[in-house]
Amino acid sequence: MPTPTHQVEIPRRWTTFQNATGARLFTLEQANRTLPLVRRIARDVMGLARSVRHLRFHHKFVARGGEELERLFPSELRRLRARLARDEERFSECVNELLNLGVELEAPSLGLVDFPAIVAGEPLCFCWRYDEPEIGWWHHRTGGYVDRRPLAELERSGQPPAIAARRKGSPFSSSFA
């Protein structure tokens, strides 16, 4: 197995702590400090996701042609299959690199990742997309990309808005899952 090209030792002071389930948790500062490495991996993930999708499409097309195409273009088919296997393996390595950092890949084609965190005792994720210069969004742990909210909401109150509403006795407090 080839050595991952993005394998970099993270200084001990940058490592995250773990919650009771063993999942790594990030502070916003830790997540932003990890971004240069995550950005490089996300760039590779995006390219590999495109390549794998393209190669799978061509492989499916050729498979429909059956044995006649296999007979007419044997070397091309071997190259296609070898490249697909290589790109799938490299994609898997990149995903594992992210997981080893404690980062969760949410949408490979967007380079969208989540950094698990706990703010004011509530589980959430700092959310980052490849084209963003730094982490500027968050969502509840059960949410996703469409539920992203600006970090400014956390910075104003120091806690997720749904938590603040629940603590103030808001009638909307039950909407937080």
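Values quoted throughout were computed directly from the atomic coordinates according to the rules given, and no laboratory measurement underlies them. A quick note: this is a predicted structure, and the numbers were derived from the prediction, not measured. Every residue, glycine as well, gets a Cβ built from its backbone with ideal geometry; the counts of neighbours run over all protein chains shown.
Gain in length, Arg43 to His58, computed as 0.36 nm per residue apart minus the alpha-carbon separation, to one decimal in nm?
On the way: separation 15, 0.36 × 15 = 5.40 nm, distance 2.31 nm.
Length difference between fully extended and current span is 3.1 nm.
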Please report the net charge: other residues with Cβ closer than 11 Å to the Cβ of Leu110, K and R +1, D and E -1. -2
Using 0.36 nm times the number of residues separating Ala120 and Leu72, minus their current alpha carbon distance, what extension gain do you get? 10.9 nm
Give the long-range amide H neighbours of Ala107: residues separated by 5 or more places, or on another chain, with amide H under 5 Å away, using H modelled in the peptide plane at 1.01 Å from N. Leu112
Modelling each spin label as a point 7 Å along the Cα-to-Cβ direction, I'd like the Ala107/Arg141 distance in nm, to one decimal. 2.3 nm
Environment charge of Gly143, counting only residues whose C-beta is closer than 14 Å and scoring Lys/Arg +1, Asp/Glu -1: -3
